[in-house]
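S.K.: Dropping a structure here in structure tokens format, bear with me for questions.
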Ligand code: ADP
Ligand code: ZN
Ligand code: ZN
């Protein structure tokens, strides 16, 4: 006896299931949940020979196929639909990135929800031992060993354990009920919806800093648009006080009873960053990072979806966190490459943040010392408010880059004599030095001095990197490893030598040169253990003279107040790369690294070694800084008709069979061009051409590029191409994906 709207009429459910197929599947509706069938409910459905968890997208009276042919839904997993804002974002993402909806929903759900675990309701149910439970003799449960184990587990959680946590450990509700019936455990319910107390008095754990003029102007602009879509680019050098502006924007948002979502780059979600937020605010802060267990992740998701957590901070995938009362979205280091997912669903979290803020009609704050050319372009057109912080909130002006010509100079561990001298002087003055080298390992490769053989990867067009700790040859593109050869595999000579320098070799050289100070190496290899990086940085923050050698892990997020000299071992990598974005990305990185210098009471120096000291881009960066170079790069992009003045999509094809990719690439290109000539879409199709590293991870890589002046046109062509590939049997033997707004070519 339902009184929900016409529940009897719904007979067919259109369901998005996790498959690479770009279509939905109809199922026969079975017994509905109490509130009736609605879009957004998770269901378990038969799919092929398995059962999968899908999401209801539409409820109908009739499907396209005869009703009798439809398989019934096996089970409805939810009482209420998944959050509406989250569903909207998934639909938007699937459409924009031309990705299957079922897979998009699947990727955007916490793992436990993908697996069909229940969403906790409005109350949080917890289980505790009773007095007799604590005193219980396990002999009593001899015949129920799982109950005995459950009792033992609960004994370890004196403050109670949520039902979900119990189920996640593989126990059942029946076991809980049995223990309850025996009087050994008891159930407690705490409300989940308790919203944070919006009274500002309870909000702050420490007072906000008095702002300088520029910060205050930025904040008042933000305050003026709290109720509307209000995109702003907060553009200020490292240390200019951007984070303080974020914190005070969040304060205003939370004081109005709303939630703030903060996205940070992978490298930026450090315990230091979190500590700064947690000191400032007394309200719950949910942090979404890779160290969470599946269970913690689900808890965080629910805390955000229910509104219990006023502040949510996380890396790329946190953009898919539902919010009950969205109030602002902040993207820190908005130019950072880690916001783009480079496989599967190739979304860009910053771009989705823009879409989401627009949908919610809330302010969007993109912050960076080195904004992406896209965001600068938006700011210059007036799409975004351009908020500038030109001074460091405290202390010194940012250091200029000094170019050091490496040509004709001897190198030790990659460093030339004048740089070694400068390092010695800085250490002698009692300061710290940071040496940035964008290569981990001992040396970029191993070479035979007798015949010229170079260690190369069998699975990639790439050299193997020589590592000493432990000794081996490793490919940084496919992770394959090889033992060090005793002799040259080509000529048998034993004269094998490392070629070039990586972090390990620079560390070794510096340790030999400056034996009286410690050398800390910071790269992916030295920080595999989770707390290793934090321990090293804590040591560095004590301020004793020392040397830091590291990769871009050192470039961002960490405050290193005692570093007075930054050395960039080689600035040339991005200068002449084939990828049109390489220069933008490498200069952003240089500026970020340079920003580490001179944050303390002494001005810093930044020495940049190069073989191309007269390169005009590098000179411009050194003499006038990133902003001037960015203006120039934008002009070059405009002239070359490249993003942000044009929109691109890249069809990526890969297969172990060279012929399979070349044939498919050629056919796809021909078919698309034929389709395009019949229409006047003004979409160009270039290629297919081999990818920059054609042979990689044991596969051939080929790409077809689409370009258009209008985004909608590009999407039309992309959609057609995807449809063509899906209906082409030859495409099943090739892995393919369409990358909308590719960040790397
Ligand atoms: P950014 O995020 O731009 O790198 P931060 O917000 O981290 O800059 O600020 C850099 C340093 O300056 C921090 O130690 C911060 O506490 C301090 N700071 C920021 N704003 C102010 C201010 N208005 N008054 C005093 N100190 C400030
Ligand atoms: Zn040889
Ligand atoms: Zn490889």
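The values are calculated or read from the model by the stated rules, or taken from the named source; none is laboratory data. These numbers come from a predicted model, not from an experiment. Reconstructed Cβ throughout: ideal geometry from the backbone, glycine too, with neighbour counts over all protein chains shown.
S.K.: With the condition being more than 26 Å from residue 530 (Cα to Cα), I'd like the helices (runs of 4 or more DSSP H) fully within the range 226-314 carrying at least 3 qualifying residues.
M.R.: Values: elements: 242-255, 271-280, 294-306.
Helices (runs of 4 or more DSSP H) meeting the threshold: 242-255, 294-306.
S.K.: Of 359, 350, which residue is crowded, with 23+ Cβ neighbours inside 10 Å and at pLDDT 95 or above? I'd like the intermediate steps shown before the answer.
M.R.: Numbers: 359 fails: crowded, with 23+ Cβ neighbours inside 10 Å.
Of 359, 350, the one residue that is crowded, with 23+ Cβ neighbours inside 10 Å and at pLDDT 95 or above is 350.
S.K.: Here are 743, 703: which of them is under 25 Å from the mean Cα position of the chain (by Cα), closer than 18 Å to residue 581 by Cβ and at pLDDT 95 or above?
M.R.: Numbers: 743 fails: at pLDDT 95 or above.
Selected residue: 703, the only one of 743, 703 that is under 25 Å from the mean Cα position of the chain (by Cα), closer than 18 Å to residue 581 by Cβ and at pLDDT 95 or above.
S.K.: Keeping to the range 494-524, report how many residues are farther than 23 Å from residue 462 by Cβ, in a loop (DSSP other than H, G, I, E, B) and out of contact with any strand residue (DSSP E or B) (no Cβ under 8 Å at 6 or more places or on another chain).
M.R.: Summing the residues that are farther than 23 Å from residue 462 by Cβ, in a loop (DSSP other than H, G, I, E, B) and out of contact with any strand residue (DSSP E or B) (no Cβ under 8 Å at 6 or more places or on another chain) in the range 494-524 gives 3.
S.K.: Confirm whether residue 696 is within 16 Å of ligand 3 (Cβ to nearest atom), under 30 Å from the mean Cα position of the chain (by Cα) and in contact (Cβ under 8 Å) with a residue 40 or more places away in the chain. If you could, list the steps in order and put the result at the bottom.
M.R.: Numbers: within 16 Å of ligand 3 (Cβ to nearest atom): yes; under 30 Å from the mean Cα position of the chain (by Cα): yes; in contact (Cβ under 8 Å) with a residue 40 or more places away in the chain: yes.
Answer is yes for this residue.
S.K.: Given 478, 491, which one is at pLDDT 95 or above and either more than 16 Å from ligand 1 (Cβ to nearest atom) or closer than 18 Å to residue 460 by Cβ (or both)?
M.R.: Details: 478 fails: at pLDDT 95 or above.
The conditions single out 491.
S.K.: How do the pairs read when you match residues in the range 450-464 that are assigned by the TED database to the domain that holds residue 699 with residues anywhere that are within 13 Å of ligand 2 (Cβ to nearest atom) and part of a loop (DSSP other than H, G, I, E, B), using Cβ under 7 Å and keeping only pairs 6 or more apart or on different chains?
M.R.: Within 7 Å, no pair qualifies.
S.K.: Of the residues 593, 608, which is more than 28 Å from residue 697 (Cβ to Cβ) and within 22 Å of the chain's Cα centre (by Cα)? So that I can check it myself, show each step before the final result.
M.R.: Details: 608 fails: within 22 Å of the chain's Cα centre (by Cα).
When all the criteria are applied, what remains is 593.
S.K.: Ok, one more. If only one of 404, 433 is assigned by the TED database to the domain that holds residue 588, within 20 Å of residue 561 (Cα to Cα) and in contact with a helix residue (DSSP H, G or I) (Cβ under 7 Å, 6 or more places away or on another chain), which one is it? Walk me through how you get there before you give the answer.
M.R.: Numbers: 404 fails: within 20 Å of residue 561 (Cα to Cα).
Answer to the check: 433.
S.K.: Considering only the range 28-60, state which residues are closer than 30 Å to residue 343 by Cβ and in contact (Cβ under 8 Å) with a residue 40 or more places away in the chain. Break it down into steps so the answer makes sense when it comes.
M.R.: From the range 28-60, those closer than 30 Å to residue 343 by Cβ are 39-58; that's our starting set.
Selection gives 39, 40, 41, 42, 44, 53, 54, 55, 56, 57, 58.
S.K.: Any chance the range 447-462 includes a residue that's closer than 23 Å to residue 552 by Cα and away from ligand 3 (no atom under 16 Å from the Cβ)?
M.R.: Residues of the range 447-462 that are closer than 23 Å to residue 552 by Cα, as a first pass: 462.
Now drop any that are not away from ligand 3 (no atom under 16 Å from the Cβ), which leaves none.
Checking the range 447-462: not a single residue is closer than 23 Å to residue 552 by Cα and away from ligand 3 (no atom under 16 Å from the Cβ).
S.K.: Does the range 684-691 include one or more residues that are in contact with a helix residue (DSSP H, G or I) (Cβ under 9 Å, 6 or more places away or on another chain) and either farther than 24 Å from residue 581 by Cβ or within 16 Å of ligand 3 (Cβ to nearest atom) (or both)?
M.R.: no
S.K.: Of the residues 473, 533, 537, 499, only one is within 16 Å of ligand 2 (Cβ to nearest atom) and more than 22 Å from residue 609 (Cβ to Cβ); which?
M.R.: The match here is 473.
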